[in-house]
Structures are given as C-alpha cells and as structure tokens.
1. I need the full set of residues from segment 92-102 which are closer than 19 Å to L136 by Cα and either in contact with a Cys (Cβ under 7 Å, 6 or more places away or on another chain) or surrounded by fewer than 21 Cβ atoms within 10 Å (Cβ to Cβ) (or both), in order please.
2. Evaluate the following for G292: is it farther than 30 Å from I187 by Cα and at pLDDT 95 or above?
3. Please specify each residue of segment 303-316 satisfying the condition of being under 25 Å from the mean Cα position of the chain (by Cα), within 19 Å of A361 (Cα to Cα) and open to solvent by 10 Å² or more (accessible area, probe 1.4 Å).
4. Would you be able to tell me the number of residues in segment 11-30 that are assigned to a loop (DSSP other than H, G, I, E, B) and closer than 19 Å to Y255 by Cβ?
5. Six or more apart or on different chains, Cβ atoms under 7 Å: show the pairs whose first residue is in segment 350-377 and more than 14 Å from R12 (Cβ to Cβ) and whose second is open to solvent by 30 Å² or more (accessible area, probe 1.4 Å) and in a helix (DSSP H, G or I).
6. For G206, all conditions in the list (1) under 17 Å from E72 (Cα atoms); (2) under 18 Å from the mean Cα position of the chain (by Cα); (3) open to solvent by 10 Å² or more (accessible area, probe 1.4 Å) hold save one; what is the number of the exception?
7. Does M83 fit the bill of being surrounded by fewer than 20 Cβ atoms within 10 Å (Cβ to Cβ), over 15 Å from D195 (Cβ atoms) and in contact with a Phe, Trp or Tyr (Cβ under 7 Å, 6 or more places away or on another chain)?
8. Considering (1) part of a helix (DSSP H, G or I); (2) surrounded by 15 or more Cβ atoms within 10 Å (Cβ to Cβ), say which one S8 fails and leave the rest.
Amino acid sequence: MEAYFDNSATTRCSAAAADLMMKVLREDFGNPSALHGRGMAAEQYIRDARKKIAATLKAKEKEIFFTSGGTEANNLALVGCAMANRRSGRHLITTSIEHPSVENPMRYLEEQGFEVTRLGVDRRGVIDLQELREALRPDTTLVSMMHVNNEIGAVEPIEEAAAVIRQKQPSCLFHVDAIQSYGKYAIYPRRIGVDLLSVSGHKIHGPKGSGFLYVREKTRIHPQILGGGQEGGMRSGTENVPAIAGLGEAAREMYDHLDENREYLYGLKQRFMDGAAAIPGVTLNGPAVRDGAPHIVSVSVDGVRSEVLLHALEEKGIYVSAGSACSSNKPSVSRTLKAIGLENRLLDSTVRFSFSIENTAEEIDYALGVMGELIPVLSRFTRH
C-alpha cells in the first residue's frame, strides 16, 4: 500500500486541471499577446482563470496577478511594496515562523536599509495581537504574516490582526501568505482588510509553476519583473497559459466543495492524531485538532532522527516531510519549532504529515500501524 502524506509540499494535479492544461498545450497554444484568433483564444483562458479566482476571494478581476508560484508572489508583495513606499517609512513587521519565501526577502530588505520586527509566537505557533499593536510605528509601511504555518498548521488571526493595523496605523499595508490556507478556508481580503495575498497553485491540486498575488486596487507596489508589460505591467513575460488555466480550474474545484472538503480533512486529521498520540515516544506539536489547519500535523519521535524516520516510512510506501520542502533538499533546524519552544532533543526528530482530499481513512490506519511497529524498533537505537 502507498500513502502520500506530503501534500503541503505538493499535491497531485487534479484530472480536470490536467485535462484543461493539455487542451491549451496542444490545441489553443497561441501567445495571449498576439492579435490574431489563436492569441485571443489563449487570452480567454487567462480571463476565465482570473474570473474564477476573483470569485473565490470576492475580489475584482483586475486585482489578480498571475505569477510563477507562491515564492514569486511573496517576493513581489514584500519587495515591491517596501520599495514603493520607502519614502513613507522603512519599518516592516513579520513573524518568527514565516516560510523562507518571506523570511529571505525580509533579510534582503534589511540589507537595503529597512528595519524588520519579527513577532514571537506561543506554544501553538500563534502571534500575540498586543505585541503586534506595540510593534506598529508611524514609519511601519508593511506587515507580512502567514495565515497557516506550513510546518505545524498554526492558524494566525489575520482578521483580528488587520483590525489592529487599521486602528493603529491605517496607512500600513497588510500582506498575507495564504499558500497553505487558500482552498481550505473562505478568505475575503477586501472585507477583512488584507491588501495583498499570495497563493500557490500546486498546493491546491493545480500545476507547479503557477500562482497569483491579490493586490487591492490602488495599492502602491513596484513590479519586480520588467519587460513587455503583461499582467497590467505588474509581471512581464509571456503568460504560462496552460498553468494559469489549470490553476483557475483547481481553484474552482476547491471552492465548489470547500466546506465538505475541510470537514473531510479534519476527520482524517483527528483519526491520525488520536492514533499517533497512543504510540509511545510520539509528541504532537502545535495546536489542537480544530484550532489548527485541517491538513497539517507535526510529529516528534523522541530519540529518532527525522531523516531516519522519513526513510523508514518511505520503505513502507509512506511519504512525509522533514521540515519545509521549499527550504532545501536537506532538512535543517526549523525556525518554527524553535519559536514554539520545542525541546532541543526533539528539534531534529520531527516530521510533518500533511493530508489532501485524495487521502483515505485506510491510508491513515495503514500509516499508524506501520508507525506502531517501526517506532519501538527505531527507538532502541536512541542517541545518548
């Protein structure tokens, strides 16, 4: 049996999205910037995808800008807005548990003379709104915060954070990294006060190399890729029409069944966490089942290195992750696990299980059975 539990790294592309992409690749292959019929047909796919995505956010179609994925969307939001608004201030705020695609642009901006404040989190991985309030200053121009943490599934209070920002520093922009939450939650950025929102296609059963950035109308932001002026001048370069079409279709599918999909995932998560908690030596990190995202579970096994457990599970057809798949090919000490105060002995003994709507209860039970057999054996080789 095989059980793929690394869906926060990437999901399988849905059949509908893949079929639509193949049609674009083989039949409607024109350049969307061309003025002839084939070009106009290609452009229509982009318009259709933009319409589908805008509907999921209750946003305007012109507020959706397609990118190559979540990393580019985050970089465009952070560097683009910081540079566009630097005359108003050079103070930025983020959190201590951000994905490298936010943390590393923040470090780059520090090198460019910006000051960055990183908010702490509690044992669940959640920020303190009072700390955010106290961190906001007259020269704060941007706050960037993930909605769902990619390692432990912590859910940040983005609506409450937006209210704090609007009250304390109304001119400050608010960016949300929704890469792990889009497709799991209803998110209406304009309604709750989010100015920019990043999404990646391959986390929602769309293709790799696809994503978008929501940019609230009239937000000051500098493009980071210059050229022919595609995407309203926000992101030049010939659009990846097949990927954009697939992304739009995947978004439609996820939001057509949003509530039932989320409940199904919570059911899988509850089943897994209940079973894992009963295995000696296992620690579950982060929030309780319903307090966290429906699809992410962080598991530490005392005395067993992450890579050892990962490969032992792989030999049984169970695929999990050690840390963020986006940070490097080799797992390193997690900033998130350190931030929540995880004991040092567990920092390099932690793996992530992440589920999708394609997983089954049978796969959960299979994984739990394998873990129940493997962990006592692996623990015999505990480091001293």
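1. Within segment 92-102, just S96 meets the criteria.
2. Working: farther than 30 Å from I187 by Cα: no; at pLDDT 95 or above: yes.
Answer is no for this residue.
3. E314
4. At the first step, the residues of segment 11-30 found to be assigned to a loop (DSSP other than H, G, I, E, B) are 11-14, 27-30.
Among the residues that remain, those that are also closer than 19 Å to Y255 by Cβ are: 11-14.
Qualifying residue count for the region: 4.
5. Pairs that qualify, where the first residue is more than 14 Å from R12 (Cβ to Cβ) and the partner is open to solvent by 30 Å² or more (accessible area, probe 1.4 Å) and in a helix (DSSP H, G or I), are V351/L310; A361/R271; I364/R271.
6. Unmet for G206, out of (1) under 17 Å from E72 (Cα atoms); (2) under 18 Å from the mean Cα position of the chain (by Cα); (3) open to solvent by 10 Å² or more (accessible area, probe 1.4 Å): (3).
7. Working: surrounded by fewer than 20 Cβ atoms within 10 Å (Cβ to Cβ): yes; over 15 Å from D195 (Cβ atoms): yes; in contact with a Phe, Trp or Tyr (Cβ under 7 Å, 6 or more places away or on another chain): no.
Spelling it out, it is not the case that M83 is surrounded by fewer than 20 Cβ atoms within 10 Å (Cβ to Cβ), over 15 Å from D195 (Cβ atoms) and in contact with a Phe, Trp or Tyr (Cβ under 7 Å, 6 or more places away or on another chain).
8. The number of the failed condition is (1).
The values are calculated or read from the model by the stated rules, or taken from the named source; none is laboratory data. Nothing here was measured: the structure is a model prediction, and the numbers come from that model. Please note: Cβ atoms are built from the backbone with ideal geometry, for glycine as well, and neighbour counts cover all protein chains shown. The accessibility values were calculated without ligands, DNA or RNA, using every heavy atom of the protein model including side chains. Shrake-Rupley method; radii C 1.70, N 1.55, O 1.52, S 1.80 Å.
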